[in-house]
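Please treat every number below as a calculation from the coordinates, not as lab data. Here the structure is a predicted model, which means the values were calculated and not measured. Every residue, glycine as well, gets a Cβ built from its backbone with ideal geometry; the counts of neighbours run over all protein chains shown.
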Amino acid sequence: MTDSVLDLAPVVPVVVVQDVADAVPLARALVAGGLPAIEVTLRTPAAPEAIRAIADQVPDAVVGAGTVITPAQVTESVAAGARFLVSPGWTDALLEAMRACGLPFLPGVSTTSEVVALLERGVREMKFFPAQAAGGTAYLRSLAGPLPQARFCPTGGIGLGSAPEYLALPNVGCVGGSWMVPPDAVAAGDWGRIEELAREAAGLSADGTCR
């Protein structure tokens with residue numbers, strides 16, 4: 001696996017798992033559609049076991065933990081088999097824990113000062129969150145000039161229509177989103193629909209065409 005989360009895939013599905021039983025078929029559908037990097041958010045009690053199930057049973061998936069906000073969650077995610085970590089924001093304690101665990105990680109930022117603070121600490125790859133609410137592509141484009149060494153995975157409010165505009169930016173490596181895992185499809189076990197949506201997302205290029 002690459003040391004960079006940003007180079008795993010152009011789109012990283014951001015998944016909320018309510019029922020552990022859904023984790024494996026959901027991950028298989030995403031992988032079959034061409035999206036192997038899967039961020040399972042730690043927003044539900046089922047999340048750690050969902051990560052463990054995907055890590056154990058879907059070998060072609062690169063499963064990560066998202067919404068990591070404490071050092072304890074770093075430890076829990078590593079134990080569950082996560083292969084990368086994503087946080088919505090960061091503190092020095094959280095950053096230290098993520099760095100110490102040895103996995104690729106993306107700490108979250110939404111301001112220029114946070115970006116500069118991470119660069120000062122030797123971190124160049126970050127999550128930009130909440131992307132749309134924090135200024136979207138215009139904000140990221142403005143950062144590219146003074147801070148070209150920073151690269152981002154924007155997440156939050158991004159959909160199929162807006163993803164190509166983000167991917168066209170020189171400082172964006174990938175985008176995160178949940179549009180390919182609609183809750184009604186997950187609830188219905190419509191894995192075929194999710195595979196189709198994943199395939200559509202995996203084919204995105206910067207100009208909005210399929211590649």
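List, in order, the whole-Hz ³J(HN,Hα) value for each residue of the range 163-170 obtained from phi through the Karplus relation with A = 6.51, B = -1.76, C = 1.60 and θ = phi - 60°; use x for Gly and Pro.
4, x, 5, 5, 5, 6, 6, x
5 Å is the cut-off here: which amide hydrogens, built 1.01 Å from N in the peptide plane, fall below it relative to residue 108, excluding neighbours closer than 5 in sequence?
Result for residue 108 returns 87, 89, 90, 127.
Using a Förster distance of 41 Å, how high is the FRET efficiency between residue 70 and residue 200, based on the Cβ-Cβ distance and rounded to 0.05?
0.70
Taking the Cβ of residue 92 as the center, what net charge do the other residues with Cβ under 13 Å away carry, scoring Lys and Arg +1 and Asp and Glu -1?
Here the charged neighbours net out to -1.
Near the amide H of residue 131, under 5 Å away, which other amide H atoms are found, from residues 5 or more places off or on another chain, if H is placed in the peptide plane?
The answer is 155, 156.
Using only alpha carbon pairs under 8 Å that are at least six residues apart, calculate the relative contact order of the range 1-113 and give it in whole percent.
Reported as a whole number, the value is 23 percent.
Given only helices, namely DSSP H runs of n ≥ 4 each adding -39500 (n - 2.57), what is the per-residue ellipticity at 222 nm of the chain, to the nearest 500 deg cm²/dmol?
Result for the chain, helices only: -11500 deg cm²/dmol.
So for the pair residue 142, residue 187, with labels modelled 7 Å out along Cα→Cβ, what separation do we get in nm?
It is 3.9 nm.
Please tell me the relative contact order of the range 5-202 in percent, rounded to the nearest whole number, where contacts are Cα pairs under 8 Å and at least six residues apart.
After rounding, I find 24 percent.
Kindly identify the chain as rounded, prolate or oblate by the Cα gyration tensor criterion: order the square roots of the eigenvalues as a ≥ b ≥ c, call it rounded if a/c is under 1.5, otherwise compare a/b with b/c, prolate if a/b is larger, else oblate.
Verdict is oblate for the chain.
Could you calculate the contour length gain from residue 116 to residue 4, that is, 0.36 nm times the residue separation minus the distance between their Cα atoms, to one decimal place in nm?
38.4 nm is the gain from fully extending residue 116 to residue 4.
Assign one of three labels to the range 21-78, namely rounded, prolate or oblate, based on the Cα gyration tensor with a ≥ b ≥ c the square roots of its eigenvalues; rounded applies when a/c is under 1.5, prolate when it is not and a/b is larger than b/c, and oblate otherwise.
Prolate shape, in that a/c is at least 1.5 and a/b is the bigger ratio.
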